[in-house]
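The values are calculated or read from the model by the stated rules, or taken from the named source; none is laboratory data. Keep in mind that what you see is a predicted model, and the values were worked out from it rather than measured. With ideal geometry, Cβ positions are generated from the backbone for all residues, glycine too; neighbour counts draw on all protein chains shown.
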Amino acid sequence: MLKGKTALITGSTSGIGLGIARALANEGANIVINGFGAPAAIKRVESELQTLGVRTIYHGADMSKPDAIEQMIHAAESEFGRVDVLVNNAGIQHVAPIESFPVDRWDAIIAINLSSAFHTTRLVMPKMRQANWGRIINVASVHGLVASADKSAYVAAKHGIVGLTKSVALETARTGVTCNAICPGWVLTPLVQQQLDSRAERGKLDAEGAQQALLSEKQPSMQFVTPEQLGALAVFLCTPAADQVRGAAWNIDGGWYAQ
Ligand code: NAD
């Protein structure tokens, strides 16, 4: 379905981004991988995707740095011509009450989880408009729709990216470019593992107990969303069936937002 097209997924060396990269590669898209990690592990990701018959490049741009983002988009365009599918996924978390929230963590979360999507989107847009086809998929969060305590920067950034999604969707409404947000609930990735570890330590819980405690608080299904399910949703948003899905904030959250 995406043969000959190019997908750039920020933060695709791990977790949700990697799940989406696999799903898009499975549909034939060439892949630009981004994110941090050991060179050998990143090579393994590239080799795995290449076995699906697609081309890949890796660019290690730090998504908090506009200049590096610009270099990454140029590298993608010089390798593949243009970016057809942009998935803004890179993200970090920090949990602390507002009065002790470290200022540098606030700045980093806003830069990586929100501003990076402004930069990638503005940079890929001219070629998407020219081609009259494009898909921008912003990995927001259920925290783009509702809040939790002690996550001020994350919630602000995720609400921000849902707003950015709507603006870009309106600006492109009469074109073949669509822009939507995906809003996952809990997904068991390294980002959430950190929160599980601190919950286990605080509550003197084993791994299973910490997972149950985390899920029971917010996620009625009591099951994690998987990167594969998020990959399948991203693929759907690339199909013609989704041509008129525009400016949506699509929650996939085990019922979290329904409460
Ligand atoms: P993860 O930690 O497994 O992956 C994060 C990815 O972003 C990694 O590839 C990492 O290298 C990359 N990254 C981090 N900082 C970066 C930077 N400065 N520049 C470039 N890349 C950087 O986390 P994940 O859970 O897969 O999260 C992916 C996205 O999904 C995030 O935006 C997160 O907020 C969102 N999300 C996660 C969950 C969840 O429960 N895991 C729920 C909702 C939304």
**Report entry** Residue count for the range 203-228, restricted to those that are touching a residue at least 40 places away in the same chain (Cβ under 8 Å) and away from the ligand (no atom under 12 Å from the Cβ)
**Finding:** 1
Query raised in the report: Can you tell me which residues in the range 24-45 are surrounded by fewer than 23 Cβ atoms within 10 Å (Cβ to Cβ) and either small (G, A, S) or closer than 17 Å to V235 by Cα (or both)?
Result: N26, E27, G28, G37, A38, A40, A41
Query raised in the report: What are the pairs, 6+ residues apart or on separate chains, where a residue within the range 115-133 that is over 14 Å from E171 (Cα atoms) has its Cβ under 7 Å from a residue that is buried (at least 21 other Cβ atoms within 10 Å of the Cβ) and among the small types (G, A, S)?
Result: S116/A90
Report task. Evaluate the following for A75: is it within 29 Å of K43 (Cβ to Cβ), among the small types (G, A, S), touching a strand residue (DSSP E or B) at 6+ places or on another chain (Cβ under 8 Å) and surrounded by 24 or more Cβ atoms within 10 Å (Cβ to Cβ)? Result -> no
Report summary line: Within the range 216-253, of all residues that are farther than 22 Å from A25 by Cα and among the polar types (S, T, N, Q), the one surrounded by the most Cβ atoms within 10 Å (Cβ to Cβ) is N251
Query - Residue match in the range 38-47 (condition: under 25 Å from P184 (Cα atoms), among the aliphatic types (A, V, I, L, M) and modelled with pLDDT under 95) - result: no
